[in-house]
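Taking it in order: structure first as structure tokens, then the write-up.
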Amino acid sequence: MKILVTGGAGFIGSHVVDLYLEHGYEVVVVDDLSTGSRSNLNPAAKLYQVDIRSRDLIQIFEEEIPDIINHHAAQIDVRRSTVDPIFDADVNIIGSINLLECARQYGVRHFIYISSGGAIYGEPEYLPCDEEHPIKPICQYGASKHTVEHYLYMYHQNYDINYTILRYPNVYGPRQDPNGEAGVVAIFIGKMLNDEQVVINGDGEQVRDFVYVSDCARANLLALQALKTNTAYNLGSNHGTSVNEIFSHLKTMTGYKNPEVHGPAKLGETRRIYLNADKAKREIGWVPTVNLKDGLEHTIAYFNSIALNK
């Protein structure tokens, strides 16, 4: 079975590629390397350096004829989506439609789509959010990610393309970019290990659902193996952790000496969000297995190893 993974040289996508290859699947990666890196990519995967919005995408489908699409490529920065909503929609909506059109023309059997459990629900009416929670995004990123869920439904109804939606929480772990605008764990670790000042946006009482990257990658394998059709799954830990708590844990683990400093809050960011993942446990057998303490320690060890190898 051949799987085309978009964003497969990125933080989470590269872990998914590794796991698919480990289980004997043939993997083709489409990644423009705007945020991904060749160093993340498993050499056993074939890379096409192409933007998902490009007309060249159809040539890749003609050459490879994939059975399954796993769609990780996206504009993922909430703050950029509020500043440049046209770019956000172009990548996340138009790019996804381009991919769906290719899937339609070349008879793709199943489409695994990565959505955002952290952004599509907006400010929750209840916690933890399950899949029945109203969809009320308060940022353009959440709106663009959810819009594609509607397109998946339409393409199933009209063209018989089956799909599985995975709604991610805040994912952290090795290969996350410490210099990016998204990913508070990597950003904090990067600054702490370099003895630079960490700045916490707002009062730091924002609550998020932090799940280690290997657990999210495993959900992609389980979704592929189960092929439960035409439904969405939250991935989460069923409880939240504040940004201040993350800072405190990392400060202790890294031996960081500087005090916390707070900056302005960011427009479009949800105040409190964490997800109920009971449906994923019930239907595809997914539960998170790496607790927050162990995950943070693994992530610090990874960034220390990168520093030593420079």
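Structure data summary
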read-out: Ile97 being surrounded by fewer than 24 Cβ atoms within 10 Å (Cβ to Cβ), within 19 Å of Leu166 (Cα to Cα), of a type in the set (Val, Ile, Thr) and within 18 Å of the chain's Cα centre (by Cα); value: no
read-out: Check on Arg104, in contact (Cβ under 8 Å) with a residue 40 or more places away in the chain, surrounded by fewer than 21 Cβ atoms within 10 Å (Cβ to Cβ), part of a helix (DSSP H, G or I) and in contact with a Lys or Arg (Cβ under 6 Å, 6 or more places away or on another chain); value: no
read-out: Selection status of Ala119, assigned by TED's automatic domain parsing to the domain that holds Asp31, of a type in the set (A, V, I, L, M, F, W, C), out of contact with any Asp or Glu (no Cβ under 7 Å at 6 or more places or on another chain) and not in a loop (DSSP other than H, G, I, E, B); value: no
read-out: Region 183-195: number of residues that are free of Cβ contacts under 8 Å to residues at least 40 places away in the same chain and in a loop (DSSP other than H, G, I, E, B); value: 1
read-out: Some residue of region 132-142 being modelled with pLDDT of 95 or more, in a helix (DSSP H, G or I), over 14 Å from the mean Cα position of the chain (by Cα) and over 25 Å from Lys2 (Cα atoms); value: yes
read-out: Test: residue in region 54-70 that is under 20 Å from Val211 (Cα atoms) and buried (at least 23 other Cβ atoms within 10 Å of the Cβ); value: yes
read-out: Matching residues, region 200-219, being part of a strand (DSSP E or B), of a type outside the set (Phe, Trp, Tyr) and surrounded by 22 or more Cβ atoms within 10 Å (Cβ to Cβ); value: Arg208, Val211
read-out: Single residue of region 220-230 satisfying the filter (of a type in the set (A, V, I, L, M) and either under 14 Å from Pro169 (Cβ atoms) or not in a loop (DSSP other than H, G, I, E, B) (or both)) that is modelled with the lowest pLDDT; value: Ala226
read-out: Conditions (1) within 19 Å of Ala73 (Cα to Cα); (2) among the charged types (D, E, K, R); (3) modelled with pLDDT of 95 or more; number of the one not met by Asp177; value: (3)
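For (1) of a type in the set (Lys, Arg); (2) in a loop (DSSP other than H, G, I, E, B); (3) surrounded by fewer than 15 Cβ atoms within 10 Å (Cβ to Cβ); (4) in contact with an Asp or Glu (Cβ under 6 Å, 6 or more places away or on another chain), each residue gets a yes or a no:
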{"position": "Ala232", "(1), (2), (3), (4)": "no, no, no, yes"}
{"position": "Ser237", "(1), (2), (3), (4)": "no, yes, no, yes"}
{"position": "Ile246", "(1), (2), (3), (4)": "no, no, no, no"}
{"position": "Lys281", "(1), (2), (3), (4)": "yes, no, yes, no"}
{"position": "Asn304", "(1), (2), (3), (4)": "no, no, yes, no"}
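The values are calculated or read from the model by the stated rules, or taken from the named source; none is laboratory data. What you see is a predicted model, and the numbers here were worked out from it, not measured in a lab. Virtual Cβ from ideal backbone geometry, glycine too; neighbours counted across all protein chains shown.
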